[in-house]
Each structure stands twice: as structure tokens, then as C-alpha cells.
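Single-structure report; data block below.
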Amino acid sequence: MDVESKIYVAGHRGLVGSAICRRLKALGHTQLITRRHAELDLTNQEAVRRFFAQTSPEYVILAAAKVGGILANSTYPATFIRDNLAIQTNVIDAACRSGVRKLLFLGSSCIYPKLASQPMQEEALLTSALEPTNEWYAIAKIAGLKMCQAYRRQYGFKAISLMPTNLYGPGDNFDLESSASIMGS
């Protein structure tokens, strides 16, 4: 990726996405593509496909997600799994179909079993039960990781996944009812 590459950062206003944008700008990247939710609803497949056709990004960083704390995850499980599956499916598929050179999918450490041995090893994934307070979000994130693997295997699409842990910083949300920080993801 050179500084002139067109990079779409999905979720550029969130904690992780905004930090990525700041870092890319500091490194001299000049063609960052961003859209607020009001401009592009990532759960809308047709809108996402049109966006990719119109903007032709070379690289995609998928930091967009429906996030929230334990209360939000427990209260709205269908919303968390539905919205996150839709966002990931639409962006990954459109990126592949439009010829994006590489996609980075950001997951969460909550995809690992509740009782995974410490320090956690990558191989622990899918070996036992998830933390029930955020399992709907975790299941969606696991599906995103597996979708990246499947698209790489079937289409040769260069999609990789990272699982950041214990995130905090500028722009973090510390609200007791909606904070993802309380969840530890």
C-alpha cells in the first residue's frame, strides 16, 4: 500500500476506525475514503455494491460494527447478530466482487471461549462455549473471520482478520449501558 492508494475505512468514526484513520494520515496517506452511516448504510447490500462501484477502493479496512456492552448485547441479541452479519457480508462480498486488492477484517477477542486457557492461543477458537453475555456479537465476528477464510480459499481474495484486545483511547465510550469497553472487546 503506498500513500496514494485508495483506502476505504468502514467505521471511521468509531474507536478503532478513527485511530486507524489518524495513523494512516500521519503516515501520509492522502486518499482515505470514509462514509458516515447517514451516507451509507452498510446493512443495505445494494447501497454497499453501488458505493464500491462508484469509489473503487484498492484496500478496505473493515472496522464497522454494531457494538455495545453487556446490557445492550443481552437486551438486543437479534440486532447484534443481524446487523453485524449484514455489515460483514455486504462489505466483504462487495470488496471481493469489485477487485479490492486486500481487505482487513477487525474482529474481537470475545470470539474465543469463555474459559480459554491463558494466554489465549489462536487454536482455542471454537473449542468450547463463548461468554454468554456477548455471544451474539461473538458469533457474528466468528462468521466474519470464517467468511474471510472462505473467500480467500474459493476466490483467492486477499482478506485477513485481526482480533484486537482490550481497546481504549480517544473517542472511547464509557457509558454504563452502551459501552463496549465494559465488555472488554
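Things worth noting here:
- Residues of the chain: accessible area per residue with a 1.4 Å probe, Å²: 54 Å²
- For the chain, average projected area of the Cα convex hull in nm²: 10.7 nm²
- Shape of region 68-136, Cα gyration tensor, a/c cut at 1.5: oblate
- Crossing angle, helix 135-155 versus the chain [Cα axis fit, 0-90 degrees, rounded to tens]: 40 degrees
- Residue 83 - accessible surface, heavy atoms, 1.4 Å probe, Å² rounded to 10: 30 Å²
- Heavy atoms of residue 55 accessible to a 1.4 Å probe, total area in Å² rounded to 10: 20 Å²
- With at most 14 other Cβ atoms within 10 Å, longest stretch of the chain clear of loop chymotrypsin sites (Phe, Trp or Tyr not before Pro) (DSSP): 1-167
- Applying the criteria of a DSSP loop state and at most 10 other Cβ atoms within 10 Å to the trypsin sites (Lys or Arg not before Pro) of region 1-109 yields 36.
- Sulfur and carbon atoms: percent of accessible area, the chain [1.4 Å]: 52 percent
- Partner lysines whose Cα lies under 27 Å from the Cα of residue 25, excluding those fewer than 8 positions away in the same chain, are identified as 6, 66, 102, 158.
- Point-charge dipole on Cβ atoms (K/R +1, D/E -1) for region 1-104, about Cα centre, debye to 20: 160 debye
- Computed from phi, the 3J(HN,Hα) profile of region 45-52 under the Karplus parametrisation 6.51, -1.76, 1.60 (θ = phi - 60°) reads 4, 5, 5, 5, 4, 4, 4, 5 Hz, with x in place of Gly and Pro.
- Estimated [θ] at 222 nm from DSSP helical runs (n ≥ 4, -39500 (n - 2.57)) normalised by residues in the chain, nearest 500: -12500 deg cm²/dmol
- Principal-axis tilt of helix 15-26 within the chain, Cα atoms, nearest 10 degrees: 40 degrees
The values are calculated or read from the model by the stated rules, or taken from the named source; none is laboratory data. Just so you know, these numbers come straight off a predicted model, no measurement behind them. Methodologically, a virtual Cβ is constructed for each residue, glycine included, from the backbone with ideal geometry; neighbour enumeration extends over all protein chains shown. What goes into the accessible areas is simple: the full protein's heavy atoms, side chains included, and nothing from ligands, DNA or RNA. Shrake-Rupley method; radii C 1.70, N 1.55, O 1.52, S 1.80 Å.
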